1. How far is it, in nm, from the label point at Asp374 to the one at Arg312 when both lie 7 Å from their Cα along the line to the Cβ?
2. Relative contact order (percent) for region 309-406, with alpha-carbon contacts under 8 angstrom and 6 or more residues of separation?
3. Pairs of alpha-carbon atoms within less than 8 angstrom and 6+ residues apart define the contacts here; what relative contact order does region 128-237 have, in percent?
4. Per 0.36 nm of contour for each residue apart, how much would the distance between Thr102 and Thr53 grow if the chain were fully extended, relative to their Cα-Cα spacing?
5. Mind checking the full-extension length gain between Met219 and Asp178? Use 0.36 nm per residue of separation minus the Cα-Cα distance, one decimal, nm.
6. Roughly how many whole Å is it from the C-alpha centroid of region 228-260 to that of region 115-192?
7. What's the long-distance tail for the chain, i.e. % of Cα pairs beyond 40 Å?
8. Could you compute the FRET efficiency for Leu319 and Thr116, with r as their C-beta to C-beta distance and R0 at 35 Å, rounded to 0.05?
Amino acid sequence: MLEEDPLTTAEQTPTQRQEPGTPDKSRWPAVCAVALGTFLLVTAEQLPIGLLTSVESALSVSEGTAGLMVTVPSIVAGFAAPLVPMVVRSLDRRILLVGLMTLMTVANLGSALAPTFAVLVGSRVLVGIAIGGFWAVAAGLAVRLAAPADVPRATAVIFGGVGAANVFGVPLGTLVGDLTGWRIAFSSLSALALVTLIALPAVLPRLVASQAVRPELLMEQLRNPGVRVGIIATVLLVFGHFAAYTFVSPALQKLSGIDERYVGPLLFGFGAAGMIGNFVAGSALSRRVHRSVLTIAVAMTAAMPLFLLLGRTAVGGALLLIVWGLAFGGVSVGLQTWMIKTAPQAVEAASSLWVAVFNLSIGFGALAGGVIVDTLTLRGVLWLGGACALLAALAIWTARGNRALR
């Protein structure tokens, strides 16, 4: 069991744990506007996956080079998450979010109009800055926009945008690209960003930063045992998930014998299950944070390796995919709630670190999965995903004595 100083922020009383500016009444329109922002962020980050073929043909680049449209913003977002709050220091977060959404609007318009692939990648760098900065602030906004009793539910709504992007945003954007061209798909993202840009200042209250995010404040979070476990669990769960999930399509076809025609609908089912898992986790987190996050990690530990045993039929593979989706759907809301509970006086700083490692784990997880598939076997990524989830579960278990997580 981790030893914890009884005077750490994670061990304070409920009254002490409230951030300055905690509202007495929940601002649900503002929560929904931030959720629209997270929906846009994830759609913008992942949409190029469905447009790779069109872009590589139009701009005369290889498939691997076209993949930079996905890799570049993820890595940039990982670095931008802690850097943007440090650069703007105590700037009103409402102004910051509006500025970042303006950047997202311009960047997607730049992608739509890009005459060369180099210009397109440059616009994707700007997308990455907007993603990292917006997500770092938005991840901890539930405590500023919702009454204490509603924080887990508000966090689930904000992260519901992530699941909605996977279920609706990316498929619809890809469909628009297929029917009207990839430039129109990027233009549509710019239009959605403009809608979000208009909505944010209309419903958000003033969000004066309770404290400026400084490098020493970020480092201080790593000395908090609860935050440290949350960061370790995030790295392991997200890295392992994307190492395996990146190759879920060939896994369904080669291991479960599922026809390629049914892979798309099954992935839609994965995303829908993830949305359900997000809100189920949000409800459970309002009662017991530690037990809920541990359950999520254990479920992921079982789901991925079981593909090798029970996923050898179409029915078994489909069922395990849905279980996997339900479990992963709770990861974002679960771990963000964990960070809020363990760093109540520095939510934005802890969230910045969390968003940074989350995005970097996506990129490096997919990269590691590719190396394993190319050099070893497809089965190896499922074992890796399960092993990472098991290590995450063990790390989470060590924090069972943290009273803030009960």
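1. Taking the two extended label points, one gets 3.0 nm.
2. Values: 27 pairs, mean separation 19.4, N = 98.
Contact order relative to length: 20 percent.
3. On the way: 23 pairs, mean separation 12.8, N = 110.
This gives 12 percent for region 128-237.
4. Working: separation 49, 0.36 × 49 = 17.64 nm, distance 2.83 nm.
So the chain would gain 14.8 nm between Thr102 and Thr53.
5. On the way: separation 41, 0.36 × 41 = 14.76 nm, distance 4.58 nm.
Roughly 10.2 nm would be gained on extension.
6. 21 Å
7. 12 percent
8. Working: r = 46 Å, r/R0 = 1.31.
The calculated FRET efficiency here is 0.15.
The values are calculated or read from the model by the stated rules, or taken from the named source; none is laboratory data. Source: prediction; values computed, not measured. Positions of Cβ are generated from backbone atoms using ideal geometry, with glycine treated the same way; all protein chains shown enter the neighbour counts. These area figures cover heavy atoms from the full protein model, side chains too; ligands, DNA and RNA do not enter into them. Shrake-Rupley method; radii C 1.70, N 1.55, O 1.52, S 1.80 Å.
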